[in-house]
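**Student:** Below are the structure tokens for one structure; questions will follow.
The values are calculated or read from the model by the stated rules, or taken from the named source; none is laboratory data. Computed from a prediction, not measured in an experiment: that's the story for all the values here. Cβ atoms come from the backbone with ideal geometry, glycine included; neighbour counts cover every protein chain shown.
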Amino acid sequence: NDCITERLKPGRLDTSFASAPIITPKRKYKDYTVENFALETVPGLFVCGSIYRPATITKKIPAVLAPNGHFNGGRYRADEQYICASLARMGAIAVSYDLFGWGESRLQVREDDHYRPIAMKIQRLNTEKILNYILSLPETDTSLIGITGASGGGSQTMLNTALDKRIKVSVPVVMLSADYPGGCPCETGTGIHKCEGGTNNAEIAAMAAPRSQLVISDGNDWTSNVPQKEYPYLQKIYALYGKTSLVKNVHFKDEGHDYGFSKRKAMYPFMAQYLKLNIKAITNKNGEIDESGATIEDEPLLLVFGENGNKLPARALKNIREVTLALGEPVIDKPLYTSLPLNAVKPGGWLLRQLQVMRDGSTGHLDEVYDKLKNDNGWLGGKGDGWEETPYWLDGATPLAYLLDDTTLQNKVLKYINWTIDHQRPSGYFGPITDIERKNKELKADNCEYGEDWWPKMVMLKVLQQYYSATNDQRVISFMSKYFRYQLDAIGRCQVGKWNDWSKARGVDNIMVINWLYNITKEDFL
């Protein structure tokens, strides 16, 4: 616990800081209400969300936090609204809120800022701040606090329950695994899983003991082994307290990674049992869970600062640098190291022999034996293959040629590199000749849909980056600058995933080359 807490602690946190929450007018439905809120985690940094309450409150009532995972729509999606509205109808205060860098948080930072280690610290602070606020409300029963979330929200559920004893009931959904800590820096970025020589989410979930916990798992993601692996472990930990009955697992072997209706049906009775809620409020005359009493609101209704963000306070922080400084975290304005040119360090000994084996083997001769790389190749202007195979080969053959100072191999790769540079289009587009160009029509940003996939070009850009590192050929710099101007103009019309998912999955390859070029040219458009 101490190690995890230390790794999640900001470099500086003003504990004396306090500001009034921003609350929107209440929206009233048949048996519950909704109002939106914004709280300042640190001066100028807001977390936004919505609070759902029973329409009539006559006594102190439980509260449930509902942190989000990485699902399309974030907290605005229907699943999240069903959860919070239904819990409110059952008699609880329910709170949904944005991930850092999602939702209205994007008024202050960029979407990609979510994928920084600092996001993990901020999300922990956000949950703590929200819980403190909810506990301060006169209608809250401070002894009955629950939390539930799926995927990344499941990570937050386990982590916050482990660290905050005020949380008495937890339901992590489709996340518990001893083998998989999470795929986002907001779940793993601070290195909490390295604590005490190495830990995992099963041990973190076990820190909830002996408080009530329901683990919901499925058969088609990393939670597929929970009934045989993680759940028995949790039972053993709870047994140490004599409370085995307080930990449960509901497993959907034929379902996947979501917080769908069947999983919500498992969660509601558990929350009702341990938070003293009225399950009958969402049960129909046939005794079945019925969420039809929930009204699914459009996203604009769930916003605090307006559709255009025009209500964001003037004191709000404006970028990740300001946020980082506000938290007392180090800001890296300069590279931590200087990259050496590709051939600045010459291989020797065993490494040299291995590289020579590659040159004398398939890497050095693939263009002679592999049909897709031969002279009708699309990357030589032919009608043959023009997708990823040639760039992949060049990605290995180019550095190999220059590390070994092998002119024969250099001439081989230069054939493709020179054609690529020499045949860049006036618009900045590059790559194999497209069908529209074979009909003597020019390919430009405004008809980019007739071009080819972004993905193979990402690999070729890396090839050219390595070639430049070895040769300082200035053609590469002007070539890339021209191409990225084309890409900037075209990306709105031809988005990253237009042709296939590879470009989306590997888009960071594109960004890395843009960043590399910016550090050379300092062009603002990059």
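**Student:** Select, from I83, I57, I51, the only residue that is outside any loop (DSSP other than H, G, I, E, B), out of contact with any helix residue (DSSP H, G or I) (no Cβ under 7 Å at 6 or more places or on another chain) and β-branched (V, I, T).
**Tutor:** Selected residue: I51, the only one of I83, I57, I51 that is outside any loop (DSSP other than H, G, I, E, B), out of contact with any helix residue (DSSP H, G or I) (no Cβ under 7 Å at 6 or more places or on another chain) and β-branched (V, I, T).
**Student:** In segment 426-461, what residues are more than 18 Å from D509 (Cβ to Cβ), of a type in the set (K, R) and within 35 Å of the chain's Cα centre (by Cα)?
**Tutor:** The answer is K444, and nothing else.
**Student:** Condition first: buried (at least 19 other Cβ atoms within 10 Å of the Cβ) and among the basic types (K, R). Now tell me which residues in segment 170-218 satisfy that.
**Tutor:** The one that is buried (at least 19 other Cβ atoms within 10 Å of the Cβ) and among the basic types (K, R): R211.
**Student:** Are any of the residues in segment 69-81 within 15 Å of E128 (Cβ to Cβ) and in contact with a Gly (Cβ under 8 Å, 6 or more places away or on another chain)?
**Tutor:** Checking segment 69-81: not a single residue is within 15 Å of E128 (Cβ to Cβ) and in contact with a Gly (Cβ under 8 Å, 6 or more places away or on another chain).
**Student:** For the structure I just gave you, tell me whether Y233 is within 27 Å of I61 (Cβ to Cβ) and among the aromatic types (F, W, Y).
**Tutor:** No: the conditions fail for Y233.
**Student:** Scan segment 328-342 and tell me whether some residue there is small (G, A, S), loosely packed, with under 15 Cβ neighbours inside 10 Å, in the same structural domain as V42 (by TED's automatic domain parsing) and more than 27 Å from L8 (Cβ to Cβ).
**Tutor:** Scanning segment 328-342, I find no residue that is small (G, A, S), loosely packed, with under 15 Cβ neighbours inside 10 Å, in the same structural domain as V42 (by TED's automatic domain parsing) and more than 27 Å from L8 (Cβ to Cβ), so the answer is no.
**Student:** Go through segment 424-480 residue by residue and tally those that are hydrophobic (A, V, I, L, M, F, W, C) and within 18 Å of W499 (Cβ to Cβ).
**Tutor:** 12
**Student:** Would you please list the contacts, defined by Cβ atoms under 9 Å and residues six or more apart or on different chains, that run from a residue in segment 449-478 that is closer than 15 Å to D422 by Cα to a residue that is of a type in the set (D, E) and part of a helix (DSSP H, G or I)?
**Tutor:** The qualifying pairs are M460/D395; L461/D509; R475/D422.
**Student:** Limited to segment 346-394, what total is found for residues that are over 25 Å from Q465 (Cβ atoms), in a helix (DSSP H, G or I) and among the basic types (K, R)?
**Tutor:** Summing the residues that are over 25 Å from Q465 (Cβ atoms), in a helix (DSSP H, G or I) and among the basic types (K, R) in segment 346-394 gives 1.
**Student:** Considering only residues that are more than 25 Å from the chain's Cα centre (by Cα) and surrounded by 19 or more Cβ atoms within 10 Å (Cβ to Cβ), which ones fall in segment 224-245?
**Tutor:** Correct list: Y231, L234, I237, Y238.
**Student:** I've got another one for you. How many residues does segment 360-396 hold that are of a type in the set (G, A, S), in contact with a Gly (Cβ under 7 Å, 6 or more places away or on another chain) and closer than 26 Å to V345 by Cα?
**Tutor:** Final tally of qualifying residues: 0.
**Student:** So for segment 319-327 (the condition being touching a residue at least 60 places away in the same chain (Cβ under 8 Å), under 21 Å from V459 (Cβ atoms), of a type in the set (A, V, I, L, M) and touching a helix residue (DSSP H, G or I) at 6+ places or on another chain (Cβ under 6 Å)), does at least one residue qualify?
**Tutor:** No, the conditions are met nowhere in segment 319-327.
**Student:** Filter segment 373-389 for residues that are touching a Phe, Trp or Tyr at 6+ places or on another chain (Cβ under 9 Å) and without any contact (Cβ under 8 Å) to a residue 60 or more places away in the chain and give the result.
**Tutor:** L373, N377, G378, L380, G381, D385, E389
**Student:** Restricting to segment 105-151, and then to whatever is crowded, with 18+ Cβ neighbours inside 10 Å and in a loop (DSSP other than H, G, I, E, B), can you tell me which residue is modelled with the lowest pLDDT?
**Tutor:** R116
**Student:** Being of a type outside the set (V, I, T) and without any contact (Cβ under 8 Å) to a residue 12 or more places away in the chain is true for just one of G198, G189. Which residue is that?
**Tutor:** G198
**Student:** Could you check, for segment 176-189, whether at least one of its residues is among the acidic types (D, E) and part of a helix (DSSP H, G or I)?
**Tutor:** Within segment 176-189 (the criterion being among the acidic types (D, E) and part of a helix (DSSP H, G or I)), the answer is yes, since at least one residue qualifies.
**Student:** Condition check: part of a loop (DSSP other than H, G, I, E, B) and touching a helix residue (DSSP H, G or I) at 6+ places or on another chain (Cβ under 9 Å). Does P313 satisfy that?
**Tutor:** Here the answer is no, as P313 does not meet what is asked.
**Student:** Let me ask something additional. When only residues in segment 243-289 that are in a helix (DSSP H, G or I) and β-branched (V, I, T) count, which is farthest from Y82 (Cα to Cα)?
**Tutor:** This residue is T244.
**Student:** Take K26 and tell me if it is in the same structural domain as V173 (by TED's automatic domain parsing), among the basic types (K, R) and in contact (Cβ under 8 Å) with a residue 40 or more places away in the chain.
**Tutor:** When the stated conditions are applied, K26 does not pass them.
**Student:** Does any residue of segment 29-42 turn out to be surrounded by fewer than 19 Cβ atoms within 10 Å (Cβ to Cβ), in the same structural domain as R166 (by TED's automatic domain parsing), in contact (Cβ under 8 Å) with a residue 40 or more places away in the chain and within 15 Å of L301 (Cα to Cα)?
**Tutor:** Within segment 29-42 (the criterion being surrounded by fewer than 19 Cβ atoms within 10 Å (Cβ to Cβ), in the same structural domain as R166 (by TED's automatic domain parsing), in contact (Cβ under 8 Å) with a residue 40 or more places away in the chain and within 15 Å of L301 (Cα to Cα)), the answer is yes, since at least one residue qualifies.
**Student:** Output the qualifying pairs, or none if there are none: Cβ atoms under 6 angstrom, residues six or more apart or on different chains, first residue in segment 419-444 and farther than 17 Å from W379 by Cα, second residue part of a loop (DSSP other than H, G, I, E, B) and of a type in the set (S, T, N, Q).
**Tutor:** K444/S427
**Student:** Report yes if some residue within segment 77-95 is closer than 30 Å to V331 by Cβ and either buried (at least 24 other Cβ atoms within 10 Å of the Cβ) or outside the structural domain of D164 (by TED's automatic domain parsing) (or both); otherwise report no.
**Tutor:** Scanning segment 77-95, I find no residue that is closer than 30 Å to V331 by Cβ and either buried (at least 24 other Cβ atoms within 10 Å of the Cβ) or outside the structural domain of D164 (by TED's automatic domain parsing) (or both), so the answer is no.
**Student:** Could you tell me whether segment 462-471 includes any residue that is of a type outside the set (D, E, K, R) and under 28 Å from the mean Cα position of the chain (by Cα)?
**Tutor:** Scanning segment 462-471 turns up at least one residue that is of a type outside the set (D, E, K, R) and under 28 Å from the mean Cα position of the chain (by Cα).
**Student:** Considering R321, R315, which residue is touching a Gly at 6+ places or on another chain (Cβ under 6 Å) and either assigned by TED's automatic domain parsing to the domain that holds G260 or more than 30 Å from A272 (Cα to Cα) (or both)?
**Tutor:** One residue alone meets the criteria, R315.
**Student:** Further question on the same structure: Only residues in segment 131-148 that are under 15 Å from S96 (Cα atoms) count as the first member; pair them with residues that are part of a helix (DSSP H, G or I), Cβ under 7 angstrom, at least 6 apart or cross-chain, and list the lot.
**Tutor:** G146/M271; G146/L275; I147/T157; I147/N160; I147/T161; T148/T157; T148/M267
**Student:** Please find, among Q156, Q123, the residue that is within 24 Å of L234 (Cα to Cα) and in the same structural domain as A18 (by TED's automatic domain parsing).
**Tutor:** Only one candidate passes the filter, namely Q156.
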